[in-house]
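Take a look at the structure set out below.
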Amino acid sequence: MWGMKSRYWPEFVFGIVGAAGAVWLLNEAASFPPRSSLFPTALLWCLLAVTAIMAIQAAYRGWLRRDEADAPEAKAGGLLAPSVLLAGAGVTLSAFGFYITAPLVIFAFHTLHAHRSGEGALARPSLTRGLLLAALATLVMYLTFDVLIGLPAPSGTLF
């Protein structure tokens, strides 16, 4: 399509949409009080950089590079599973709050990564490592934000 190799279109579109969303959210975060906007603004600048690099890299590989052996063929729906997980995380966050959603999302992405890297996603070591990572990461976030900084996490409608 338009001279770009088809396997790079999802990355290119995701990068462009992500960068546009980051710019829009940076504009929205500018209305926050200065101390409140520090952390969201830093995260949004990181998101903008990563998505812009993703779009530039996909454009380079898709349009400019002529070497067909540079990457394995992408599987159909490569961004579908993470997109569904993130949409589900938004729904779960609004219903159950951050401290229930965070370990679920971390575990889900760990399992997805294990599956895609060729490791058995449902193998006992992978599940144990995923559960441990989810619990520890959530505990660190709780201790950092609620206890040390005093910044409560978002609560859901049910909890």
**Item:** Matching option when the condition is open to solvent by 40 Å² or more (accessible area, probe 1.4 Å), at pLDDT below 90 and in contact with a helix residue (DSSP H, G or I) (Cβ under 6 Å, 6 or more places away or on another chain), among 79, 64, 43, 38
**Value:** 79
**Request:** Could you figure out which of (1) open to solvent by 90 Å² or more (accessible area, probe 1.4 Å); (2) touching a helix residue (DSSP H, G or I) at 6+ places or on another chain (Cβ under 7 Å) isn't true of residue 17?
**Result:** (2)
**Item:** The one condition in (1) within 13 Å of the chain's Cα centre (by Cα); (2) modelled with pLDDT under 85; (3) surrounded by 14 or more Cβ atoms within 10 Å (Cβ to Cβ) that residue 106 fails to fulfil
**Value:** (2)
**Prompt:** Which condition number does residue 100 fail, the rest of (1) modelled with pLDDT of 90 or more; (2) within 15 Å of the chain's Cα centre (by Cα) being met?
**Reply:** (2)
**All positions within the range 27-63 that are closer than 20 Å to residue 149 by Cα and more than 21 Å from the chain's Cα centre (by Cα)** = 32, 33, 34, 35, 36
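The values are calculated or read from the model by the stated rules, or taken from the named source; none is laboratory data. Fair warning: this is a prediction, and the values are worked out from it, not measured in the lab. Reconstructed Cβ throughout: ideal geometry from the backbone, glycine too, with neighbour counts over all protein chains shown. Only protein heavy atoms, including side chains, enter the accessible area calculation; ligands, DNA and RNA are left aside. Shrake-Rupley method; radii C 1.70, N 1.55, O 1.52, S 1.80 Å.
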